[in-house]
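So the structure is just underneath, and the comments pick up after that.
The values are calculated or read from the model by the stated rules, or taken from the named source; none is laboratory data. Keep in mind it's a predicted model, so treat the numbers as computed, not measured. Cβ atoms come from the backbone with ideal geometry, glycine included; neighbour counts cover every protein chain shown. These area figures cover heavy atoms from the full protein model, side chains too; ligands, DNA and RNA do not enter into them. Shrake-Rupley method; radii C 1.70, N 1.55, O 1.52, S 1.80 Å.
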Amino acid sequence: MRTIALRVARYRPEDETEPTMQEYEVPLREDWAVLDGLNHIKDHLDGTLSYRWSCRMGICGSCGMTVNGEPKLTCGTFLTDYAPGPVTVEPLRNFPVVRDLVVDISDFMGKLPTVSPWIVDSEDAAPAEGEHLQTPEELDEYQQYSMCINCMLCYSACPVYGLDQDFLGPAAIALAQRYNLDSRDHGAHQRVDVLSAADGVWSCTFVGECTTACPKGVDPAGAIQRYKLTAATESVKSLLMPWGRRSDLPRPSGADQDNNAWSREVR
Amino acid sequence: MRTTAPDVSASGPLSYDVVIVGGGAAGLRAAIAVAETAPALSVAIVSKVYPMRSHTVSAEGGAAAVIKDVDSLDEHFRDTVSGGDWLCDQDAVEFFVEEAPKELLRLEHWGCPWSREPDGHVAVRPFGGMKQQRTWFAADKTGFHLLHALFQTSLKHQQIVRHDEWFATKLLVDDGRVGGVAGIELATGRIETIAAKAVILCTGGCGRVYPFTTNANIKTGDGMALAYRAGGPLKDMEFVQYHPTGLPFTGILITEAARAEGGWLLNRDGYRYLQDYDLGKPEPHPVFKSMELGPRDRLSQAFVKEMEKGRTIPTSYGPIVHLDLRHLGEQTIDTKLPFVRELCRDYERIDPVRELIPVRPVVHYMMGGVHTDIDGAAGVAGLYAAGETACVSINGANRLGSNSLPECLVFGARAGEAAASHAASAPGPAASLAAQAADERRRLEELLRRDGGRERVSTLRQEMQAAMEAGAGIYRSRDDLVKSVDRVHELQDRFRSVRLTDHSLTFNTELIAALELEFMLEVAGSILHSALMREESRGAHQRVDFPRRDDEQFLAHSLICRNDDGSWRIEYPPVTITRWPPGERVYGR
Ligand SMILES: Cc1cc2nc3c(=O)[nH]c(=O)nc-3n(C[C@H](O)[C@H](O)[C@H](O)COP(=O)(O)OP(=O)(O)OC[C@H]3O[C@@H](n4cnc5c(N)ncnc54)[C@H](O)[C@@H]3O)c2cc1C
Ligand code: SF4
Ligand code: FES
């Protein structure tokens, strides 16, 4: 049987201070993804290798790793595309490594609630009884940004996030835009502060690596650019109308106050 | 980063009024229900993966609920009951069909991007076994959108605390009352106990007890085993759904929506073989409850018959038939079934616009699960269950596609409310729980540090999966079942000398895999025993030695209970029939 070498990054914090590489030979099968190779190692060669995976159909977002230097979903990246090998598998970059191929994404999980990623109802109108009408065209406005599986490949690819972990980052901004552009939402004003803060959209230098890395066609770079335009217009408005400063806007009731306190709670 | 190992014996004084195990559709919906109806209570979700990774994410086709004028609750009720071969509890189905539209509307208000008609109304599509178009969908990523909308909405409720990547290993029960749950925080290996006045199990299905399944790696039946070991009975475990169209190697699902949009199933000769199995006549366009839109049990059984006639196509991954979508055209495929095209392209390297899709039946869904009443109460005070891990039962002997997402919502919400009202008046945890927690900690530490065992987790798992396929597949017989029962007992024995090679506390996935295997062996045993004892054929449970439905003896649920010594007993409480006595299941005529 043909085989291919997988060079896998190992890191056991209890025993090692630095990651090391370990090489394994796995069968090279036509329909095997890199993840199948890792599972072969785990089941037959070395039970101590740790990595995350679940759906193995490109939708749960667990299995992102760095494959030959690029951020990839390992369940959708095929060994034969790297033949004759070797294939290098490392954890996603720009994140602290917990163990082997497992990275710590709690930074992103903490940022998520800060962009109020939920429908904010209108303050004036009573909640809808039946369905909101939303035409296919209105759906199209935000649909692309709703496709994010939180796989973190874009954060791994983003040079800005690599230098500054406070940057809100591609997926979080795209998600904010997903709600801003949803015809049912009235919460754009609630997301302005965090999006247009120093660590928001303005940190982005428009390298576009996030969009290239994204396996779901979300185009976070486009979302960021689009928001920059909106934010520019917004800030002009607030210059002209000082009473329109957001802090003076009536805040909708709900749990949006003090999002930061909440995010610390999230574990 | 942490450099020193934590003290395994340190446990935080964690305590909540309601603890929910699982962050899929059912768990998230339950948590929001607690937050909305009982804001004074504390509530936590523990989940072995981040909630948005839960397997709900992979549901494709849609969610059923009556919304169009031509449709009626009664028709949804009838489709569900006959689809379930009359094993559904009709009071539960009545409640379900009434609540489903409200829940899907709620999801609409929470931002779920449902596909729309040109005028902006929610669009619906036909689905297998349904007499009307009533399946709401978000293209063919319904579960993904539904889960993310729920998760993101849950973030709005500051009251909901989460313990992500936290693996529950045991329910703490004292004197017939639940007092919390013990488990492991993956990142640190810390063994913790969380006290609770009510626990809701929302842990999803158990497809991984079989070798070939659409289910994710995490679907190992943990909640079923947790309840079973804590004295809660499991119900109707013999009813395992095979979905007729999985991709051959990966088991990736090609959604029933592909057939609802007009896809055909073809045998070796390009012939729409379902017409030979009392499922109607082939028409060019899809017809409700006919041919490719028949129920899943009947379609999977037809595949086996076709195989026996030598009319399937052999491949290195077993026999297959073809799903033909070519006549739908690129535009329909791209707007209604984009994920199908993506999956075929990425995982099978074919394009359904031009090529036939190879498919075979694949283990997909558990009709059975933790026995609950209509409130989700699971037979031990303070214990609740909802979603795929539970059996209410609305699915009976065969679930209809697109009924389970709304089931997660309807009964997740109901269990959340019931658990909250229980917790509001329940006393605090009993003192004896500390001793149980200490026992559990010792057990886990012993497993982690154990040296010198002989058995590998992956070997035992493979053997279990083979035994399940051999004994409890699409067609079953006494002989095969008995063999598999023996096999699983032997594997349970061998599990006692399982060997871990990984002794690390940090993100030890080998330890988790061992614990999941232990749960799966428990669940596998309950499936086999229940299948052996049910001497009739109904829905997804087909016995070659008892080929007929037997309402005299088996219009009843199988309730399997575990005795303290690991042995079991089965009882047969009657099915609740409110208004539709058992009749013939009719498709295509
Ligand atoms: C491929 C596929 C397609 C489907 N398509 C459809 C469809 O179109 N329509 C439809 O109605 N149904 C569909 N289904 C079925 C439906 O998706 C599932 O039944 C439903 O999503 C189950 O949701 P759940 O909340 O019960 O569990 P899950 O979403 O599976 O979540 C289980 C949760 O429990 C947690 N958990 C489990 N064990 C533990 C433990 N020991 N400790 C801590 N946490 C734990 C997990 O982390 C997870 O958060 C499909 C199923 C599959 C597999
Ligand atoms: S935007 Fe794309 S790359 Fe980034 S997390 Fe979402 S799906 Fe992944
Ligand atoms: S395993 Fe789910 S995205 Fe790869």
Q: Output the pairs from B:Lys235/B:Lys305; B:Lys141/B:Lys336; B:Lys141/B:Lys305; B:Lys48/B:Lys336 with a Cα-Cα distance over 21 Å in this structure; if there are none, say none.
A: B:Lys235/B:Lys305; B:Lys141/B:Lys305; B:Lys48/B:Lys336
Q) With the calculation restricted to Cα positions, what are the radius of gyration and Dmax of region B:367-525 in angstrom? A) 19.3, 50
(Q) Angle check, please: helix B:90-109 long axis (alpha carbons) against the longest principal axis of chain B (alpha carbons), in degrees 0 to 90, nearest 10. (A) 90
Q. So what's Rg/Rh here for region B:69-198, counting alpha carbon atoms and using the Kirkwood radius for Rh?
A. 1.09
Q) Using unit Cβ charges (K, R positive; D, E negative) and no other charged atoms, how large, in debye to the nearest 20, is the dipole of region B:244-346 about its Cα centre? A) 160
**Q.** Fraction of alpha-carbon pairs over 12 Å apart in region B:334-395 - percent
**A.** 73
Q) Size of the dipole of region A:3-103 about the Cα centre, Lys and Arg at +1 and Asp and Glu at -1 on the beta carbon, nothing else charged, in debye to 20? A) 300
Q | Net dipole in debye of chain A [+1 Lys, Arg Cβ; -1 Asp, Glu Cβ; about Cα centre; nearest 20] | A | 340
Q. What's the long-distance tail for region B:62-119, i.e. % of Cα pairs beyond 15 Å?
A. 55
Q.
For peptide A:109-119, what's the mean number of Cβ atoms from other chains within 10 Å of each residue's Cβ?
A. 4
(Q) Could you compute Rg(Cα) / (2.2 N^0.38 Å) for region B:214-327, with N its residue count? (A) 1.26
Q: Work out the FRET efficiency for B:Asp451 and B:Met533 from their Cβ-Cβ distance, taking R0 = 51 Å, and round it to the nearest 0.05.
A: 0.80
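Want the number for B:Thr576 to B:Lys68: 0.36 nm per residue separation, take away the alpha-carbon distance, what's left?
180.0 nm
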Q. Between chains B and A, what is the buried accessible area summed over both chains (1.4 Å probe, protein heavy atoms, nearest 100 Å²)?
A. 6200
Q.
If you scale each eigenvalue of the Cα gyration tensor by 5 and take the root, what three semi-axes come out for region B:456-589, rounded to whole angstrom and sorted largest first?
A. 35, 16, 15
Q: Grab the alpha carbons of chain A, take their convex hull, and tell me the volume per residue in Å³.
A: 159
Q: Measure off 7 Å from each Cα along the Cα-to-Cβ vector at B:Asp119 and B:His327, then give the distance between these two points in nanometres to one decimal.
A: 3.1
(Q) How far apart, in nanometres, would the label points at A:Glu30 and A:Glu70 be if each is projected 7 angstrom from Cα along the Cα-to-Cβ direction? (A) 2.3
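Could you tell me what a quarter of the Cα convex hull surface of region A:108-177 works out to, in nm² with one decimal place?
Average of the hull's projected areas for region A:108-177 equals 6.2 nm².
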Q) Roughly what angle does helix B:509-533 make with the longest principal axis of chain B, taking Cα atoms, 0 to 90 degrees, to the nearest 10? A) 60
Q) Amide H to amide H under 5 Å from B:Asp375: which residues, 5+ apart in sequence or cross-chain, H placed 1.01 Å off N in plane? A) none
Q. Modelled label-to-label distance, B:Asp278 and A:Ala125, 7 Å Cα→beta-carbon offset: nm?
A. 5.2
Q. When the solvent-accessible surface of protein heavy atoms is calculated with a 1.4 angstrom probe, in what order do B:Ile313, B:Ile160 fall, highest first?
A. B:Ile313, B:Ile160
Q. How big, on average over all directions, is the shadow cast by the Cα convex hull of chain B, in nm²?
A. 25.8
**Q.** Fully extended contour minus Cα-Cα distance, from B:Glu308 to B:Asp550, at 0.36 nm per residue
**A.** 84.5 nm
Q: Would you kindly calculate the mean projected area, averaged across all directions, of the convex hull enclosing the Cα atoms of region B:277-336, in square nanometres?
A: 5.4
Q) Tell me, how many Å apart are the Cα centres for region B:399-462 and for region A:152-214? A) 37
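Do me a favour and compute the ellipsoid semi-axes for region B:360-439 from its Cα gyration tensor, root of five times each eigenvalue, largest one first, whole Å.
30, 16, 9
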(Q) Taking the Cα of A:Arg2, stepping 7 Å toward and past its beta carbon, and measuring to each backbone N in region A:67-84: which are under 16 Å? (A) A:78-84
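For the peptides B:563-575, B:207-219, A:221-233, what is the packing order when you average, over each peptide's residues, the other Cβ atoms within 10 Å and list the highest mean first?
So the peptides B:563-575, B:207-219, A:221-233, ranked by packing, come out B:207-219, A:221-233, B:563-575.
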Q. Helix B:404-425: angle to the longest alpha-carbon principal axis of chain B, degrees 0 to 90, nearest 10?
A. 30
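Partner chain Cβ atoms within 10 Å, averaged over the residues of B:114-124 - can you pull that number for me?
That average works out to 4.
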Q: Please list the non-local residues whose amide H lies under 5 Å from the amide H of B:Arg125, H modeled 1.01 Å from N, same-chain partners needing a gap of 5 or more.
A: B:Arg134, B:Thr135, B:Trp136
Q: Distance between Cα centroids, region B:208-235 to region A:55-88: provide it in whole Å.
A: 29
Q) Taking θ as phi - 60°, what are the ³J(HN,Hα) couplings along region A:148-153 by the Karplus curve (6.51, -1.76, 1.60), each to the nearest whole Hz, with x for Gly and Pro? A) 5, 9, 6, 7, 6, 5
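Let's test the formula: R0 of 51 Å, r as the Cβ-Cβ distance of B:Arg494 and A:Asp104. What FRET efficiency results, to the nearest 0.05?
Numbers: r = 36 Å, r/R0 = 0.71.
Result of the calculation: an efficiency of 0.90.
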Q | Anchor A:Lys42: aspartates and glutamates whose Cα lies under 19 Å away (excluding residues fewer than 8 positions away in-chain) | A | A:Glu23, A:Glu25, A:Asp31, A:Glu90, A:Asp100, B:Asp451, B:Glu455, B:Glu463, B:Asp502, B:Glu510, B:Glu516, B:Glu518
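Which translational diffusion coefficient, to the nearest whole µm²/s, is obtained for region A:1-78 from the Stokes-Einstein equation, given a Kirkwood hydrodynamic radius over C-alpha pairs, 4 °C and 1.567 mPa s?
98
How much of the accessible area of the protein assembly as shown, in percent, comes from carbon and sulfur atoms when a 1.4 Å probe is used? Could the numbers behind the result be given before it?
Working: 15140 of 29740 Å².
Taking all protein chains in place, the protein assembly as shown shows 51 percent carbon and sulfur surface.
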Q | √(5λ) per eigenvalue of the Cα gyration tensor, the protein assembly as shown, largest first, Å | A | 38, 32, 29
Q | All Cα pairs of region B:125-266, percent lying beyond 20 Å | A | 65
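Summarise the partner chain shielding of B:129-142 as one whole number: the mean count of Cβ atoms from other chains within 10 Å of each residue's Cβ.
Values: counts 0, 0, 0, 0, 0, 0, 0, 1, 0, 3, 3, 0, 5, 0.
Per-residue shielding by partner chains comes out at 1.
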